[in-house]
Amino acid sequence: MRTLLAVCLFLAASASYGQGTCPGGLPVTGTHCYFVAASGVDTNNGTTESTPWAHAPGMSTCANNCAAFGMPSSGVGSFPGIGIIFKGGDTWHFGNASATPYTGGLWPWHGSGTATTCNLTDDPNYVSSSSTCMYLGVDKTWFTGGSWTRPIMTGDNATSTSAVGSCTYQNAGSYLGDTNMWLDIAGQTFLIVDNFEWTGQCNNGNTQTYINERVPSSNLAQNRYTNNYAHGITHLAYACPGAVCEGNQFFGTSVASIIGPGNVCDGSDSDATGFTCMVPGGGGWLTYDNVWWNQSQMVSNGCHIWHDNWWNGYTFSGDGVAHGNQIECNNSAPQNDANGHAQPTTTTNLFYNNVLAHNTTGTGGDVKVQLAVNSTYPYYVFNNVDYDQGSGNNWNWGGTGITLPTGTQYFFNNTMDLPSSSDFMTCYTGMTYENNHLVIEGGTSIAGGDGGCVATTNVTMSHATAISQGYMANSTGTSGSNSDETCANDTTPCAPTSGVSSTVGAGTNVQSFCTALLGSSDAVVVRAGNACKNATTDGCAYNATTHTVTCPAQTATARPASAAWDIGAYQYITGIVPVNVLTGAPLLQGSAWLN
């Protein structure tokens with residue numbers, strides 16, 4: 001009887017516990033917020049920024065009024081419209097138990113929103129229609145120091161750009177062990193995680209991540225990750241069975257979650273071989289407006305729509321990392337996750353307006369990008385720019401359990417600088433290659449397969465020709481390949497510089513591809529249809545000082561409605577001088593500019 005009474009009193013206290021007014025501009029409104037700061041104490045009520053808790057619900061060190069929030073220790077907690085707001089510039093510790101505030105080493109989270117009005121799409125106005133999501137995030141007017149910076153979640157390990165022999169903290173991880181999954185939200189849904197800095201992790205295993213949701217225990221997770229910054233990975237020299245380690249990871253996500261906008265995964269202060277931004281078994285159903293720098297790999301199941309991302313500084317140097325591919329999509333929509341939960345209903349797979357650059361030499365088995373196909377939904381790949389690549393294989397179609405040919409794929413208006421002597425992409429029935437600008441040495445552009453693809457109005461040229469026409473600089477890039485040159489600049493890379501360049505006005509008008517996308521009942525696909533009518537936006541610009549992202553990097557130029565299109569990701573126009581989004585200075589290319 002006393003146990004039952006205690007439970008009833010606890011539930012009553014949780015249901016009636018006071019809530020504070022939410023800051024403006026967040027995807028939660030009204031009096032539904034709690035506040036957490038390094039200077040707080042868990043005996044505070046947590047309902048104002050002047051009376052914050054020291055810990056967040058779910059942390060094992062959360063006590064007193066923080067614990068009275070009522071988050072369950074297992075299962076799925078229902079907290080629609082609730083916000084947990086962290087003070088900017090403060091630090092929470094996962095490694096050093098003597099530091100304050102200490103999280104207890106892990107942060108198991110059992111809180112979800114509801115689908116009622118939790119709009120998880122790439123809609124830029126998503127904040128105004130997300131009132132029943134649960135929100136872990138920030139108020140940018142509340143911070144420690146002279147200006148706002150992200151709240152920091154640290155494992156307290158020193159960073160290292162090479163493998164280390166031991167780590168001071170977080171050194172308990174083992175192959176396929178889950179001991180270092182910090183924010184573990186497996187099984188939760190309709191949760192937004194916004195504007196945290198993640199750093200200081202050290203491990204030697206396969207599934208340890210900063211954020212984990214990839215093994216959902218209930219229905220398929222549909223969460224959103226925005227404006228996070230991950231870095232500072234340190235790892236032990238791997239000793240994994242069958243050389244199948246995946247490296248330390250940022251996201252271990254379910255196939256249905258949304259990654260974007262504004263996430264930065266930058267291993268500049270880490271050993272890139274041991275740093276990957278997305279893990280196998282998980283995936284980004286919708287991944288957009290992010291920057292992925294200095295990492296070893298990205299492996300995803302359920303790649304559905306990826307757009308306006310910038311990959312820079314990929315490296316591969318062995319050390320037991322299994323997936324040397326820069327981007328590996330093992331499945332496309334429709335696709336179940338590892339537990340058999342189906343994705344949201346989808347219509348079309350898309351990969352567009354992405355940039356891949358400055359990637360070092362790998363092995364002959366590496367693939368720059370693998371896009372998985374299926375026999376149900378088409379795949380549209382357009383306006384991507386890929387340059388300064390190391391040796392190894394190029395792009396390919398494939399995926400887990402896929403035997404080509406299958407499905408319908410459209411690959412058009414892409415600009416690709418690929419020094420490898422292997423074929424650029426394979427030619428199978430059902431595939432269309434049109435208006436692509438291909439710079440390649442020693443191999444063929446589109447060949448092999450069953451030879452049944454449609455390949456028209458593509459321009460293939462050597463690096464020497466690309467240099468002579470101004471697409472590329474007469475300078476070896478960072479990839480380590482002797483035959484490689486890099487694009488003339490990083491602002492409009494490998495774009496034509498005059499009206500007589502080989503790609504200008506030489507393509508086919510493929511507005512019909514855009515029209516097909518615009519006819520979709522899916523608003524996200526319709527946005528892709530509008531992007532299809534324009535030249536590339538060059539992904540996102542990255543401020544390496546503040547670790548923030550500006551998207552798009554360029555204002556897109558419209559392609560002609562009826563006249564011939566340019567070949568490649570750019571559309572040449574005259575009389576316009578653009579602004580370099582990284583410096584604010586004009587970017588001059590002769591007497592004209594293009595996008």
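Read-outs: derived from the displayed coordinates by stated rules, not from any lab. It should be emphasised that the depicted structure is a prediction, and the values quoted were computed from it without experimental measurement. As a convention, Cβ positions derive from the backbone with ideal geometry for all residues, glycine included, and neighbour counts pool all protein chains shown.
Computed FRET efficiency, Cβ-Cβ of residue 78 and residue 550, R0 30 Å: what is it to the nearest 0.05? Computed FRET efficiency for residue 78 and residue 550: 0.25.
Mind ordering 508-517, 40-49, 159-168 by average Cβ neighbours within 10 Å, highest first?
Details: 508-517: 16.6, 40-49: 19.0, 159-168: 14.6.
The densest-packed peptide leads the list: 40-49, 508-517, 159-168.
Bridgeable lysines around residue 87 (alpha carbons under 24 Å apart, same-chain partners fewer than 8 residues away excluded): 140. When 434, 441, 213 are arranged by Cβ crowding within 10 Å, least crowded first, meaning fewest neighbours, the order is 441, 434, 213. Each peptide in 412-419, 186-193 gets a packing score, the mean of other Cβ atoms within 10 Å over its residues, and the list from highest to lowest is 412-419, 186-193. What residues of the range 525-567 lie in the reach of a label at residue 147, counting those whose backbone N is under 17 Å from a point 7 Å from the Cα along Cα→Cβ? Output list for this probe position: 542-550.
A Förster radius of 45 Å combined with the Cβ-Cβ distance from residue 509 to residue 489 puts the calculated FRET efficiency at roughly 0.95. I'd like the distance separating the alpha-carbon centroids of the range 432-488 and the range 517-549, in whole Å. Centre-to-centre (Cα) distance: 24 Å. Put in order of Cβ neighbour count within 10 Å, fewest first, the listed residues 385, 525 become 525, 385. Highest mean packing comes first when the peptides 377-383, 456-462 are listed by Cβ atoms within 10 Å, giving 377-383, 456-462.
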